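Heads up, the thing below is written out as structure tokens.
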Amino acid sequence: MTGKIYDGPGAALEGLLFDGMTIMSGGFGLSGNPESLIPQIRDSGVKNITVISNNAGADGFGLW
């Protein structure tokens with residue numbers, strides 16, 4: 001990898017998602033919540049994932 005700047009969440013996740021994977025999500029409260037990646041992961045069709053996070057978000061936002 002030569003850089004860490006991507007055109008969007010789909011490009012950032014390209015080739016990374018697979019069934020049965022474990023994802024660690026950083027942030028504290030709603031700060032640092034990967035809000036643009038969450039729907040992309042959900043819509044990818046990946047199954048049986050485990051998500052580790054110190055915060056699930058709030059009222060329909062974040063991992064909630």
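The values are calculated or read from the model by the stated rules, or taken from the named source; none is laboratory data. A quick note: this is a predicted structure, and the numbers were derived from the prediction, not measured. In this analysis, Cβ positions are derived from the backbone assuming ideal geometry, glycine residues included, and neighbour counts consider all displayed protein chains. Areas reflect the complete protein model, heavy atoms only, side chains present, ligands, DNA and RNA absent. Shrake-Rupley method; radii C 1.70, N 1.55, O 1.52, S 1.80 Å.
The table that follows gives values for the structure above.
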{"item": "Rounded accessible area per residue of the chain, 1.4 Å, Å²", "result": "76"}
{"item": "Sulfur and carbon atoms: percent of accessible area, the chain [1.4 Å]", "result": "55"}
{"item": "Cα pair count fraction exceeding 16 Å, expressed as % - the chain", "result": "49"}
{"item": "Computed over the chain: relative contact order in percent, which uses C-alpha pairs under 8 Å that are six or more apart", "result": "36"}
{"item": "Lys, Arg +1 and Asp, Glu -1 on Cβ, resulting dipole of the chain about Cα centre, debye, nearest 20", "result": "140"}
